[in-house]
1. Against the conditions (1) modelled with pLDDT of 95 or more; (2) surrounded by fewer than 23 Cβ atoms within 10 Å (Cβ to Cβ), where does T257 fall short? Just the number, please.
2. Does A120 satisfy being at pLDDT 95 or above and part of a helix (DSSP H, G or I)?
3. If you take the residues in segment 162-180 that are among the charged types (D, E, K, R) and farther than 22 Å from R129 by Cα, which one is farthest from the chain's Cα centre (by Cα)?
4. The conditions are (1) in a helix (DSSP H, G or I); (2) crowded, with 16+ Cβ neighbours inside 10 Å; (3) modelled with pLDDT under 95, and M54 fails exactly one of them. Which is it?
5. Is it the case, given these coordinates, that T174 is more than 25 Å from D55 (Cβ to Cβ) and among the hydroxyl-bearing types (S, T, Y)?
6. Residue by residue through segment 187-202, note down the ones that are at pLDDT 75 or above, buried (at least 21 other Cβ atoms within 10 Å of the Cβ) and in a loop (DSSP other than H, G, I, E, B).
7. Could you list, ordered by first residue, the pairs with Cβ atoms under 8 Å in which the first is in segment 260-278 and crowded, with 18+ Cβ neighbours inside 10 Å and of a type in the set (F, W, Y) and the second is at pLDDT 80 or above and not in a helix (DSSP H, G or I), at least 6 apart or interchain?
8. Would you mention how many residues in segment 74-111 are surrounded by 23 or more Cβ atoms within 10 Å (Cβ to Cβ), of a type in the set (A, V, I, L, M, F, W, C) and in a strand (DSSP E or B)?
Amino acid sequence: MRWCVSIGAALVAGALVGGDVASLASPNAQFVQKAADGQVDVELVLAVDVSYSMDLEELAVQREGYAQAITSPEFLRALKTGPQGKVAVTYFEWAAAHDQKIIIPWRIVDGPETADAVAAEIMKAPLRRASRTSISGAINFGMQMLAESPYKSLRRVIDISGDGPNNNGEPVLTARDAALEKGITINGLPVMVKQASYATMDIEKLDLYFEDCVIGGPGSFVIPIKEREKFQEAIRTKLVLEVAGRQPEGRVIPAQTRGEARVPCTIGEQLWRDRWGR
């Protein structure tokens with residue numbers, strides 16, 4: 001089942017970000033026996049939008065949000081809810097279908113020291129922007145990263161942040177369904193801090209688009225960001241949920257199963273054709 005989570009609800013729910021993450025972690029029978037070398041609790045791909053519709057301030061705040069989330073006490077407590085007490089993380093930035101840049105190759109995060117090292121790597125990379133928005137390209141690249149991962153886990157997650165719909169590359173549903181067939185979960189962080197603009201190919205209901213066209217897999221969820229000052233809070237909430245392996249609880253609304261998406265999954269491509277005629 002897929003979920004849409006408000007930031008406030010996720011913060012209240014079960015005190016996930018408030019502190020007592022460990023009390024929510026129920027042991028999973030699949031993890032009882034000690035893992036072999038290379039075993040982690042989750043392989044987490046962080047796929048971050050750097051298309052031109054993101055302004056430089058948003059890019060900087062987004063970067064800072066990930067760095068602070070990974071080093072936060074809440075995230076470090078969430079690490080200890082799993083039997084291995086460690087996760088594997090990779091971080092790349094994306095724009096067009098064949099424009100992905102790895103900022104952090106696969107890294108183990110198992111405590112404050114490794115978390116600080118990953119955060120420092122994220123912050124030192126130069127900011128960049130690029131043309132087009134290919135969520136499908138990001139999902140496909142995320143699948144490739146997982147296929148090449150040197151680690152093993154029972155949970156593999158691609159985490160997509162973005163401020164617009166797919167308008168380049170193959171249809172987003174094609175990439176999403178291919179990932180789900182491989183047992184990969186896709187979560188979403190739609191960035192909705194600016195008023196939708198035709199000039200930047202934005203849409204008003206980006207959160208619904210992410211729910212119906214982007215995310216999927218066991219326990220998948222969306223956390224929309226609708227205020228700039230909520231970037232760090234949203235990213236921290238999302239990472240805590242993913243690392244703890246928990247579905248959101250409390251005041252959350254399940255994304256309804258519908259015959260058709262509430263926002264057309266090809267809306268980005270249509271907007272591009274309407275504007276540029278191709």
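1. Failed condition: (1).
2. On the way: at pLDDT 95 or above: yes; part of a helix (DSSP H, G or I): yes.
In short, yes.
3. Step one: list which residues in segment 162-180 are among the charged types (D, E, K, R), which gives 163, 170, 176-177.
Then keep just the ones that are farther than 22 Å from R129 by Cα; that gives 176-177.
On the way: R176: 13, D177: 17 Å.
My answer is D177.
4. Every condition holds for M54 apart from (1).
5. On the way: more than 25 Å from D55 (Cβ to Cβ): yes; among the hydroxyl-bearing types (S, T, Y): yes.
Taking the combined requirement at face value, the residue satisfies it.
6. Within segment 187-202, none qualify.
7. Correct list of pairs: W272/N167; W272/N168.
8. 5
The values are calculated or read from the model by the stated rules, or taken from the named source; none is laboratory data. Fair warning: this is a prediction, and the values are worked out from it, not measured in the lab. Cβ atoms come from the backbone with ideal geometry, glycine included; neighbour counts cover every protein chain shown.
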